[in-house]
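The values are calculated or read from the model by the stated rules, or taken from the named source; none is laboratory data. All of these numbers come straight from a predicted model, not from anything done at the bench. As a convention, Cβ positions derive from the backbone with ideal geometry for all residues, glycine included, and neighbour counts pool all protein chains shown.
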Amino acid sequence: MAFTSYTYLLFLFVAVILCRITRGVTREHVLLGASLVFYAAWDPRFLLVLLAIGVFTYWAGGRIARQRGTLSRLVWPVVAILLALSVFKYTGMLAELVNLALPSGSALTVPSLVLPLGISFFTFECISYLIDLYKGGKELMPLRRFLLFPAFWPHMVAGPILRLKEFAPQLENPRQPTSADMLAGFDRLLVGLAKKLVLANSIAPFVDQGFANGAVANSALDNWILALAFGLQIYFDFSSYSDIAIGSARLVGIQFPENFNLPYHARSPTDFWNRWHMTLSRWIRDYLFFPLNLRAGKRVWLRYVYLVLVMSLVGLWHGAGLAFILWGTWHGLLMVGHRLIQGTSQRLPAWAGKASEILGWAVTLALVNAGWILFRSPTIAQAGRMLRSMFTVRGVTPAFGVNDYLMILFCIFAYLVLEPLAKKLFDRDPNAVDYSRWTFWLRPLGYAGALQLIFMFDRSNVAFIYFQF
Amino acid sequence: MTSTRLERSPTPSPASAEATRALGRGRVAGLVVATALVVAVLGRVSPLDNLRDALTGGGATVRMQPVRMEARTTDVKTGDALLETLSSIPATPAGKTQILVIGNSQQYTSSLPRGAALVPGHEVVMASQQLAERLSRRSAEGFTVYTSAAPNQNFAEALWQSVYWFKLRAPPPQVLLLQASFDTFRKAGVRPGFQTLLDEPRFVEELDRMMSMDPRAYHDEFAAARRDFRERRSEGAAGPRQEVTLEDRLRSGLERLPLFRRREEVRSAFLGAVYLLRVRALGISPTTKRHITGQPLTQNLEALADMVRLARGSGASVLLYNAPINPAVSMFYEDEYERYLEALRAIAAAEGAEFADLSSAVPSEYWGYWVDGPDPIHFDERGHGVLAERLDEVFGPGLARP
């Protein structure tokens with residue numbers, strides 16, 4: 001059930017109504033039932049995987065809570081969950097790697113397992129639950145309530161990745177959404193749909209064409225434009241998913257954390273990761289990077305090694321392939337590079353500091369977007385060819401249609417002007433907004449316009465990019 | 001990495017409570033009713049049409065004289081079902097030579113020069129039809145022309161439909177008159193209307209056979225078209241069958257809503273308005289110089305070569321011509337244009353096709369006018385006559401011997 005389908009909108013409508021007319025345990029049952037229906041609609045087999053991992057985590061969590069401080073009670077369940085993730089996600093990649101080492105004729109058959117949707121997301125949530133419990137967090141009970149943590153439908157497939165401490169209180173002390181909440185949720189949902197259908201999907205054909213055929217005939221200029229175009233496509237695609245998820249959750253009275261904060265405004269690679277897929281960043285920071293940093297102690301070089309290693313794992317989390325690992329490593333190296341020069345820029349005079357900020361933004365934008373080439377190219381060889389052409393400036397003739405370039409310009413405009421406006425709107429507490437102003441009555445025009453746009457560009461079958469992770 | 005702060009307000013402050021009261025149920029209900037009213041009105045009015053009229057001076061800057069359409073004429077619009085169209089084309093009468101004409105909208109459009117008035121009830125005879133009449137007058141056997149042109153038809157699309165013409169149609173055309181317009185070499189993709197040929201299993205078999213041979217730059221376009229078609233056919237393909245049915249039902253239910261029912265029309269008007277705004281506000285019109293290089297050029301040239309090979313393989317004669325260009329405009333870079341012409345000559349020579357460069361065949365006064373200047377692609381009835389004459393001069397002797 002794609003978020004952009006009319007089926008989902010009907011599903012959401014029914015779920016919201018049911019949530020409004022129910023209370024307490026019944027409401028929890030409604031939320032869990034709706035979540036399981038939503039997930040089973042993709043493929044009922046996925047449900048078994050989700051329930052198995054969920055129930056196992058609940059059971060393991062209980063054991064940890066009963067005997068806190070016993071590390072083995074944490075390690076084995078975490079290993080088991082990671083193993084489950086690896087079986088579904090990385091078996092094919094591992095078999096291919098083994099085949100590289102084997103003599104020809106004795107190759108392993110590469111298994112083709114169906115990747116359960118959102119497994120990368122809900123397994124990370126289950127792991128964070130166990131670690132939080134180990135560190136003294138409160139158990140989420142009973143089972144139906146716990147299962148909502150990984151399975152709550154708005155975030156199950158592609159995040160935001162929730163933390164127990166922000167989700168559990170909302171389940172334990174539920175509140176009915178106010179009219180203002182409903183309005184804010186609806187606004188967010190509409191904006192998300194429009195972003196996905198009008199912006200992300202419209203730029204996709206140009207990106208697909210540009211990356212097709214090995215991109216052998218692309219000039220350096222076109223490769224840079226393609227990198228930027230994919231950067232915009234994936235941003236609008238993924239952030240629109242998050243908008244729909246946040247909006248949907250709000251409609252049933254649950255508040256999600258933000259997942260994006262204008263990432264291409266970043267002035268350094270570290271800043272980029274503070275703004276891009278923020279809930280993954282904090283997960284990685286809290287459960288991987290900080291503990292490793294503590295182990296490194298004062299050995300700065302080891303911290304850098306860990307940073308690159310952690311970012312490589314972030315790459316691997318995104319996809320089972322060398323290109324994703326390289327993409328993560330690229331970001332790790334950029335962050336290390338930034339840390340190395342950070343001290344110098346802090347000693348600059350004020351005017352030079354401002355200039356270095358602008359330079360930092362431009363360089364970050366260019367390097368982050370260059371990294372998208374690794375992420376999007378179907379092969380490493382193609383990525384290498386495109387990056388070589390970009391950094392050796394091989395050709396500057398634009399080869400694609402003027403409308404493609406104009407579409408990119410429009411997306412840049414949308415990112416620079418419309419996104420900050422939307423962010424300003426979403427950052428407000430809806431319960432503190434004065435709805436008595438005359439501007440309230442401009443909403444019908446906005447809603448009708450957004451609906452018209454959604455109808456005009458609707459293609460519910462264009463999947464979100466992050467669904468594959 | 002900094003943490004993400006979650007701001008939650010489980011108990012609204014007094015100010016919030018005040019605001020919430022301001023947004024009472026009555027207000028929300030009013031909002032729903034007002035939105036429904038605006039949706040209803042928007043479903044019945046066409047503000048974009050007014051914008052288009054304003055941008056085109058009420059249509060005064062673009063005038064098209066209708067052309068005579070026959071059963072053997074296929075003007076494939078973006079949304080058309082090509083399989084249905086091609087399947088309904090009548091068989092060639094026995095003893096007549098079948099000429100297939102493939103090209104862009106120049107084939108079937110009559111664009112009037114600035115200031116020229118439309119002639120009520122008059123239908124222009126296209127160059128291809130005029131050519132057939134000329135040839136039939138000289139030859140006892142007679143000719144039947146099938147014009148399978150489409151707006152901005154690129155060569156991946158031309159090859160796509162040629163698979164149908166030369167592999168599935170019996171008997172296949174004996175002559176392929178192929179128009180090459182450099183402008184279309186920057187286009188890519190296979191439009192949804194063309195994708196409907198995938199409903200024909202024999203077409204799919206032929207396509208599979210073709211794509212299993214040497215890799216080609218346009219193969220990704222074909223693969224994307226197949227994927228696109230599959231996805232269109234099963235909205236939400238990842239879900240089980242019941243869900244598809246529900247989605248279909250919801251969509252057909254929404255058809256009752258004018259705002260939804262008119263979405264294609266509104267989308268087309270919207271994109272038209274965006275295009276006209278581009279021309280008016282940015283000054284980027286069809287006559288603006290543009291580079292034609294890189295991937296789109298490679299894809300089109302490879303598809304063109306394969307198309308000529310396909311037709312030649314079925315025993316057809318291939319007559320390739322470089323389309324007339326409006327002498328009043330200069331829209332290509334000279335070096336790129338020269339390389340393109342060389343490529344056309346090379347393809348024709350390698351595949352045993354005849355080639356003619358008719359780029360300067362139509363004088364400037366016969367060309368139409370388009371929004372902000374000369375129409376670079378389309379001419380009027382006189383232009384069609386001149387082109388038919390030139391085609392007859394160049395290719396006629398080989399086709400119709402008295």
Quick one: count up the residues across segment A:1-55 that are farther than 23 Å from A:Leu193 by Cα and β-branched (Val, Ile, Thr). 8
Here is a check on your reading of the model: is B:Pro12 surrounded by 13 or more Cβ atoms within 10 Å (Cβ to Cβ) and modelled with pLDDT under 75? yes
Go through (1) within 14 Å of chain B (Cβ to nearest Cβ); (2) modelled with pLDDT of 95 or more one by one and return the number of the condition A:Tyr264 breaks. (1)
How many residues does segment A:377-410 hold that are part of a helix (DSSP H, G or I), under 17 Å from A:Ala366 (Cα atoms), touching a Leu at 6+ places or on another chain (Cβ under 8 Å) and not small (Gly, Ala, Ser)? 3
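For every residue, the table says whether it meets (1) surrounded by 20 or more Cβ atoms within 10 Å (Cβ to Cβ); (2) in contact with a Ser or Thr (Cβ under 6 Å, 6 or more places away or on another chain); (3) within 14 Å of another protein chain (Cβ to nearest Cβ).
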{"position": "B:Arg186", "(1), (2), (3)": "yes, no, yes"}
{"position": "B:Pro192", "(1), (2), (3)": "no, no, yes"}
{"position": "B:Val204", "(1), (2), (3)": "no, no, no"}
{"position": "B:Met211", "(1), (2), (3)": "no, no, yes"}
{"position": "B:Arg216", "(1), (2), (3)": "yes, no, yes"}
{"position": "B:Asp220", "(1), (2), (3)": "yes, no, yes"}
{"position": "B:Ala224", "(1), (2), (3)": "no, no, yes"}
{"position": "B:Arg227", "(1), (2), (3)": "no, no, yes"}
Candidate set from segment B:292-333 (those that are assigned to a strand (DSSP E or B) and away from every other protein chain (no Cβ under 14 Å)); member that is nearest to A:Leu221 (Cα to Cα): B:Asn322
Considering segment A:169-212, residues that are in a helix (DSSP H, G or I) and of a type in the set (S, T, N, Q), and then whichever is surrounded by the fewest Cβ atoms within 10 Å (Cβ to Cβ), we arrive at A:Ser202
Has segment A:65-85 got at least one residue that is closer than 30 Å to A:Lys195 by Cβ and surrounded by 15 or more Cβ atoms within 10 Å (Cβ to Cβ)? yes
With the condition being touching a residue at least 60 places away in the same chain (Cβ under 8 Å), I'd like the helices (runs of 4 or more DSSP H) fully within segment A:228-306 carrying at least 2 qualifying residues. A:269-275, A:278-284
Show the residue pairs meeting these rules: Cβ distance below 7 Å; 6+ apart or different chains; first residue within segment B:83-102 and free of Cβ contacts under 8 Å to residues at least 40 places away in the same chain; second residue not small (Gly, Ala, Ser). B:Thr85/B:Thr74; B:Thr85/B:Val76
Taking only pairs six or more apart or across chains, which ones have beta-carbon atoms under 7 Å, a first residue in segment A:334-363 that is without any contact (Cβ under 8 Å) to a residue 40 or more places away in the chain, and a second residue that is of a type in the set (Val, Ile, Thr)? A:Val336/A:Val308
Condition set hydroxyl-bearing (Ser, Thr, Tyr) and surrounded by fewer than 18 Cβ atoms within 10 Å (Cβ to Cβ), scope segment B:262-291, selection farthest from the other protein chains (Cβ to nearest Cβ): answer is B:Ser268
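Residues checked against (1) in contact with a helix residue (DSSP H, G or I) (Cβ under 7 Å, 6 or more places away or on another chain); (2) among the small types (Gly, Ala, Ser); (3) touching a residue at least 40 places away in the same chain (Cβ under 8 Å); (4) farther than 30 Å from B:Pro215 by Cα:
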residue: B:Glu338; (1), (2), (3), (4): no, no, no, no
residue: B:Ala350; (1), (2), (3), (4): no, yes, yes, no
residue: B:Val362; (1), (2), (3), (4): yes, no, no, yes
residue: B:Trp367; (1), (2), (3), (4): yes, no, yes, yes
residue: B:His378; (1), (2), (3), (4): yes, no, yes, yes
Of everything in segment B:29-39 that's among the small types (Gly, Ala, Ser) and within 9 Å of chain A (Cβ to nearest Cβ), which residue is farthest from A:Tyr435 (Cα to Cα)? B:Ala36
Could you look through segment A:16-30, keep only residues that are in a helix (DSSP H, G or I) and in contact with a Pro (Cβ under 9 Å, 6 or more places away or on another chain), and pick out the one that is nearest to A:Ala151 (Cα to Cα)? A:Glu28
Might you let me know whether segment B:362-376 holds any residue that is surrounded by 22 or more Cβ atoms within 10 Å (Cβ to Cβ), part of a loop (DSSP other than H, G, I, E, B) and touching a Pro at 6+ places or on another chain (Cβ under 6 Å)? yes
Within the bounds of segment B:142-152, is there any residue that is touching a residue at least 24 places away in the same chain (Cβ under 8 Å), β-branched (Val, Ile, Thr), crowded, with 22+ Cβ neighbours inside 10 Å and touching a strand residue (DSSP E or B) at 6+ places or on another chain (Cβ under 7 Å)? yes
Which numbered condition in (1) more than 23 Å from the chain's Cα centre (by Cα); (2) surrounded by fewer than 18 Cβ atoms within 10 Å (Cβ to Cβ) is the only one that A:Leu140 fails? (2)
Is one or more of the residues making up segment A:225-236 within 11 Å of another protein chain (Cβ to nearest Cβ) and either under 18 Å from the mean Cα position of the chain (by Cα) or at negative phi (or both)? yes
So which of B:Asn322, B:Asn326 ends up being modelled with pLDDT of 95 or more and within 25 Å of the chain's Cα centre (by Cα)? B:Asn322
Within the group A:Ala52, A:Ala101, which residue is without any contact (Cβ under 8 Å) to a residue 40 or more places away in the chain, surrounded by fewer than 13 Cβ atoms within 10 Å (Cβ to Cβ) and farther than 30 Å from B:Leu246 by Cβ? A:Ala101
Within the set of pairs 6+ apart or on separate chains, which have a first residue in segment A:164-182 that is within 29 Å of A:Thr57 (Cα to Cα), a second that is part of a helix (DSSP H, G or I) and of a type in the set (A, V, I, L, M), and C-beta atoms under 7 Å apart? A:Leu171/A:Leu148
If A:His277 satisfies all but one of (1) within 14 Å of another protein chain (Cβ to nearest Cβ); (2) on the phi < 0 side of the Ramachandran plot, what's the number of the condition it fails? (2)
Within segment A:352-371, is even one residue among the aromatic types (Phe, Trp, Tyr) and touching a Lys or Arg at 6+ places or on another chain (Cβ under 8 Å)? yes
Scan segment A:426-454 and report the pairs whose first residue is at the interface with chain B (Cβ under 7 Å from one of its Cβ atoms) and whose second residue is among the basic types (Lys, Arg), with Cβ atoms within less than 8 Å and a gap of 6+ or a chain change. A:Tyr435/B:Arg27; A:Gln452/B:Arg263
